[in-house]
Amino acid sequence: MKPSFYARLCQALCLDFYSGVLRGSRLMGHLRSLEKTQFLPREQLLELQRSRLRDLMRHAAEHVPFYRERFRKTGFDPDKAHLPENFQKLPLITKEDIRRDPTRFLAENHRGRTWRVATGGSTGVPLEVWLDREGRERRGAALKRGYGWAGYRDAEKTALVWGRLRERSLLKRTRRALSERLLRIRCYNAFSLDPEAMARSARDIRAFKPSFVIAYPSALYLLAGFIRQTGRSVPPARSVILGAEKAHPVERELIAEVFGCPVFQTYGCREAGPLAAECEERRGMHIHEENAYLEVIKDGRPAGHGEAGEIVVTDLTNYRMPLIRYKNDDLGVLSSRVCRCGRGLALLEDVQGRTVDMIRTPGGGLIHGEVFSHLVRESAGIRRFQVVQETLERVVVKIVREEGFSRERSGWLKEEMARALGPRMRISIEIVDEIPLTPLGKLRPVVSNVAPAPDGAPEVAR
């Protein structure tokens, strides 16, 4: 379906002219390039990726202290980075490696503006990464391409069911509101999932008639369940795009039924940006291989196709703070299939993980677990965290602290969590030495010990 006249006008004025010509953004140019390279023959795509990998390795060897020392110690030759047997000799890096001394990962030759990308710790471990303009724009282009596979176009009516905390800066709030108004984006806070808020959202979506819905799977599943259970309805959308968590089949089915359209899954992480997305075939997610070199490792070796292992990412876009063979704490499965869509990009069959528990409130509402990741992102001095709901009216926040976590910061965090959870929830903060991992070696950031609805369906208080 062709974009509307308004969408084409907004594209020309806001994205091409204002951002591209007046502000010098290359995002749309990168997007046009990605739309061409995705259909290259497989070997040409791999050669493009290998070339970008070599360039990044040479840059890291010359300008980034951590890799300069690591390459020297391991005898790694950056000019042979394209050879898997050579590249796989490099040790993996973890969040703890970066957090131990993040300045050693910064390129010494960088000039110009940088952006701070703070992860809230969807795996329970907060992290800060710094990104240069080129990397930021190339990531934005990959995101737009992935959404485009679902039919999405900028400035078409879009309902965004996503996590959002109130911006402290009036200027930032104003700029965001203006941008969303121009691009016809209407935001519905995924952190507020009580019946009253869902009723308001359902009414507004029905009146707004969005062409696209972009959402957390678990939040949209709850909203869809509320719409169905309360006898409401919403106009059919053209597509639903899900991200930030894995969408389970039962969630996809209900969302597709209520919104009357196909459902698409995307995958990425804040540290390395968008990594993969489903195309129109929806039989696995195409990896954005021009931007990232993605491995799946099991027991120290490359996992076979169809075999689950740890996802390891090398971000080819960020020269400010390169992440090379970075273990992002997710589990995934690569596919050997060739997609019928004709794209030469490899397929990520599945991502196992990223499921965030919900906190149930005494008033019958549900709070999305990502709200705590967003709050931790704003709070310094936290190495690891875990939110445990012990009863319907009691939550314990366990924190492994480090330098910078003050009594004032603890009070602020407790106050903000009380605001999110409501006045009837008792909140306590416990400083602990360590937080146990799951049998798979992962940290669950949010754990609810309050039983869900008996049939596993979205629990809605009417």
Problem set entry | Residue pairs meeting the criteria (Cβ under 6 Å; at least 6 apart or on separate chains; first at positive phi, in the stretch 276-298; second not β-branched (Val, Ile, Thr)) | GLY284/SER335; GLY284/LEU347; GLY284/GLU349
Exercise. Looking at the stretch 253-266, which of its residues are under 19 Å from CYS341 (Cβ atoms) and either at pLDDT below 95 or hydrophobic (A, V, I, L, M, F, W, C) (or both)?
Worked result: CYS261, VAL263, PHE264
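I'd like the residue in the stretch 21-40 that is crowded, with 16+ Cβ neighbours inside 10 Å and in a helix (DSSP H, G or I) and, out of all such residues, is farthest from the chain's Cα centre (by Cα).
THR37
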For this session: Give the residues of the stretch 402-415 that are crowded, with 17+ Cβ neighbours inside 10 Å and modelled with pLDDT of 85 or more, sorted by residue number.
Result: SER410, LEU413
For this session: Those residues that are touching a His at 6+ places or on another chain (Cβ under 6 Å) and aromatic (Phe, Trp, Tyr), I need them from the stretch 286-337; list them, please.
Result: TYR319
Exercise. In this structure, does VAL450 turn out to be part of a loop (DSSP other than H, G, I, E, B) and at pLDDT 80 or above?
Worked result: yes
Exercise. Just one of the numbered conditions (1) touching an Asp or Glu at 6+ places or on another chain (Cβ under 7 Å); (2) surrounded by fewer than 24 Cβ atoms within 10 Å (Cβ to Cβ) is not true of GLU196; which one?
Worked result: (1)
Problem set entry | Pairs with Cβ under 6 Å, 6+ apart, first in the stretch 154-183 and on the phi > 0 side of the Ramachandran plot, second small (Gly, Ala, Ser) and at pLDDT below 85 | none
Seminar exercise, completed: Over the stretch 68-101, the set of residues open to solvent by less than 40 Å² (accessible area, probe 1.4 Å), in a helix (DSSP H, G or I) and closer than 22 Å to GLU290 by Cα is PRO78, ASN86, PHE87
Seminar exercise, completed: Filtering strands (runs of 3 or more DSSP E) wholly in the stretch 311-398 for at least 3 residues that are touching a residue at least 60 places away in the same chain (Cβ under 8 Å) and in contact with an Asp or Glu (Cβ under 9 Å, 6 or more places away or on another chain) gives 326-335, 382-391
For this session: For residues that are without any contact (Cβ under 8 Å) to a residue 60 or more places away in the chain and within 18 Å of GLU62 (Cα to Cα), tally how many sit in the stretch 88-103.
Result: 1
Exercise. Would it be correct to say that ARG206 is at pLDDT 90 or above, in a helix (DSSP H, G or I) and not hydrophobic (A, V, I, L, M, F, W, C)?
Worked result: yes
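GLU402 - would you say it is in contact with a helix residue (DSSP H, G or I) (Cβ under 9 Å, 6 or more places away or on another chain) and over 27 Å from SER51 (Cβ atoms)? Please lay out each step first, then the result.
Details: in contact with a helix residue (DSSP H, G or I) (Cβ under 9 Å, 6 or more places away or on another chain): yes; over 27 Å from SER51 (Cβ atoms): yes.
Considered against the rule, which asks whether it is in contact with a helix residue (DSSP H, G or I) (Cβ under 9 Å, 6 or more places away or on another chain) and over 27 Å from SER51 (Cβ atoms), GLU402 comes out as yes.
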Exercise. How many residues are out of contact with any Leu (no Cβ under 7 Å at 6 or more places or on another chain) and open to solvent by less than 20 Å² (accessible area, probe 1.4 Å) if we restrict to the stretch 51-63?
Worked result: 2
For this session: Identify all residues within the stretch 227-259 that are in a helix (DSSP H, G or I), hydrophobic (A, V, I, L, M, F, W, C) and within 21 Å of VAL446 (Cβ to Cβ); write none if there are none.
Result: VAL250
For this session: May I ask you to list the residues in the stretch 406-418 that are over 26 Å from LEU193 (Cβ atoms) and either touching a strand residue (DSSP E or B) at 6+ places or on another chain (Cβ under 6 Å) or in a strand (DSSP E or B) (or both)?
Result: SER410
For this session: May I ask you to list the residues in the stretch 41-61 that are touching a helix residue (DSSP H, G or I) at 6+ places or on another chain (Cβ under 7 Å) and either without any contact (Cβ under 8 Å) to a residue 60 or more places away in the chain or outside any helix (DSSP H, G or I) (or both)?
Result: ARG54, ARG58, ALA61
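Going by the structure shown, is ARG354 of a type outside the set (Ser, Thr, Tyr), within 30 Å of GLY309 (Cβ to Cβ), modelled with pLDDT of 90 or more and touching a Lys or Arg at 6+ places or on another chain (Cβ under 8 Å)?
Numbers: of a type outside the set (Ser, Thr, Tyr): yes; within 30 Å of GLY309 (Cβ to Cβ): yes; modelled with pLDDT of 90 or more: no; touching a Lys or Arg at 6+ places or on another chain (Cβ under 8 Å): yes.
No, not satisfied.
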Exercise. Between a first residue in the stretch 410-427 that is over 20 Å from ALA380 (Cβ atoms) and in contact (Cβ under 8 Å) with a residue 12 or more places away in the chain and a second residue that is part of a strand (DSSP E or B) and aromatic (Phe, Trp, Tyr), which pairs have beta carbons less than 6 Å apart while being 6 or more apart in sequence or on different chains?
Worked result: none
Exercise. Would it be correct to say that ALA199 is free of Cβ contacts under 8 Å to residues at least 12 places away in the same chain and either acidic (Asp, Glu) or in a helix (DSSP H, G or I) (or both)?
Worked result: no
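The values are calculated or read from the model by the stated rules, or taken from the named source; none is laboratory data. On a predicted model such as this, the values are computed, not experimentally measured, just so you know. Positions of Cβ are generated from backbone atoms using ideal geometry, with glycine treated the same way; all protein chains shown enter the neighbour counts. For the accessible areas, the whole protein counts, side chains as well, though only heavy atoms, and no ligand, DNA or RNA atoms are used. Shrake-Rupley method; radii C 1.70, N 1.55, O 1.52, S 1.80 Å.
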